[in-house]
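One structure is given here, and the rest of the page talks about it.
The values are calculated or read from the model by the stated rules, or taken from the named source; none is laboratory data. As the structure is a computational prediction, the values presented were derived from the model and not from experiment. These accessible areas exclude ligands, DNA and RNA; they are computed on the full protein's heavy atoms, side chains included. Shrake-Rupley method; radii C 1.70, N 1.55, O 1.52, S 1.80 Å.
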Amino acid sequence: MSPFLKACVACQIALMAHAACGQDVRTPLQARRMTASEIAQHPALGAIAGTSGLAGIRTLVLVGDPTRPGMYTIELLVPAHTRIAAHEHRDDRTAVVVSGTWHFGYGRTADDASSKSLGPGSFYTESANMPHFARTEGEAVAVVITGNGPTDTRYEIQPKANQATHGSQP
């Protein structure tokens, strides 16, 4: 991971930690240091709170618990040729693209023309209750997302189980 990308992730975590300080009820943030190789060996999960729930997408919980009050950080590992339909979350979230090109957009309908291509080191926000969508093309993508739980995922139109791996759009 480049020094710039490391700085982006560190700033993202620091900003969310600052925002979380305003809450009275939250899970204390555990002290954690992980090298890139340790993160790569971290157990990956499938669908958890705050993720798309689509088959093939792996999730690493880096810190916190997305189902409980307080800050959390997850890494999404999204396979090539994946489409994530328009959905929203109840919490504000920030994200940094770690690898690959992530095509991300805002709106109630996934529209390729209104998405923006975000490469490694790119930053974006997912404001609470703001519909957004994403897709990958010929390469896998890793994205680190930080939010202030508890989180959830609500789809505009519920996707079919096979949409993540077959690249179809709702």
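Rounded if a/c is under 1.5, else prolate if a/b beats b/c, else oblate: with a ≥ b ≥ c from the C-alpha gyration tensor eigenvalues square-rooted, which is region 58-144? Present the calculation step by step, with values, prior to reporting the outcome.
Working: a/c = 1.90, a/b = 1.25, b/c = 1.52.
Cα axes put region 58-144 in the oblate bin.
Gain in length, Gln158 to Asp111, computed as 0.36 nm per residue apart minus the alpha-carbon separation, to one decimal in nm? Please list the in-between numbers first.
Numbers: separation 47, 0.36 × 47 = 16.92 nm, distance 1.62 nm.
Difference between extended and current length: 15.3 nm.
Would you work out what percent of the accessible area of region 87-140, with all protein chains in place, is carbon or sulfur (probe 1.4 Å)? Display every interim value, and only then the final one.
Numbers: 1160 of 2360 Å².
Exposed carbon and sulfur together represent 49 percent of the surface.
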